[in-house]
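Worksheet for the structure shown next.
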Amino acid sequence: MTIVLFAEALVVAALNWFLGMVVDRQKMSLAGLDPDVMSTSSKIGGVVFGLYFVLCAVVAMLVAIRNRAPAGFGRILLVSVAVVHGLLGAFTLGLVGWPAFLFMMVVLGLVVLLLVTYDRDGGPEQVPPGGAPEAGGDPKNETAPGVSPELSRGVAAEPHGRTGEPQDGDDTPQDTVPAQLTQPVPTTL
């Protein structure tokens, strides 16, 4: 992946530089634009685009070395290069042909694979409650977060400071059966 992006950066920069030289030597003009401006802008665009691909290749290399998912600016950069390859693939299909389109789609697939392959947690594995399966843990001992072990076994824990006297809200009857829900009647036949 990294090698492909480095090679692509070199090819894109060299191609734009070459096109800038062609425009300069033949004194081409497009819609009355100055040929020198067109040549210079093509060369600058090639260098900027090449550096963009090099930066994306460096991010991909760091992801591979660290063996972690890209985060923050690196993730944004890799998503943007995936979008660029999708657009370049569409343009190259019409302008260059199927082989260039297939190359762009392979690079797009590699970038997307890099983005979705790594786990976003990045931390150590959490041992499930009740012990690890290979350690013979009992799945019945699992408790939900924030639930006391007494409640998870079906034993109601008595609140602290509870006496036999009525507390606030104890004198009103409580509904023990949830309200019944009825299905809506269709209004069209």
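The values are calculated or read from the model by the stated rules, or taken from the named source; none is laboratory data. Note that the structure is predicted; figures quoted are calculated from it, not measured. Ideal geometry is used to build each Cβ from the backbone, glycine not excepted, and the neighbour counts take in all protein chains shown. Please note that ligands, DNA and RNA were not included when accessible areas were found on the heavy atoms of the full protein model with its side chains. Shrake-Rupley method; radii C 1.70, N 1.55, O 1.52, S 1.80 Å.
Results, tabulated for the structure shown:
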read-out: Spin-label pair T188/L62, simplified geometry with 7 Å Cα→Cβ offset, distance in nm; value: 5.5 nm
read-out: Estimated FRET transfer efficiency when R0 is 22 angstrom, pair M28-A100 (beta carbons, to 0.05); value: 0.40
read-out: Cα gyration tensor, the range 1-112 - rounded (a/c under 1.5), prolate or oblate; value: prolate
read-out: Solvent-accessible area of W17 with every protein chain in place, 1.4 Å probe, in Å² to the nearest 10; value: 120 Å²
read-out: The range 1-80 and the range 83-112: distance between their alpha carbon centers, rounded to Å; value: 15 Å
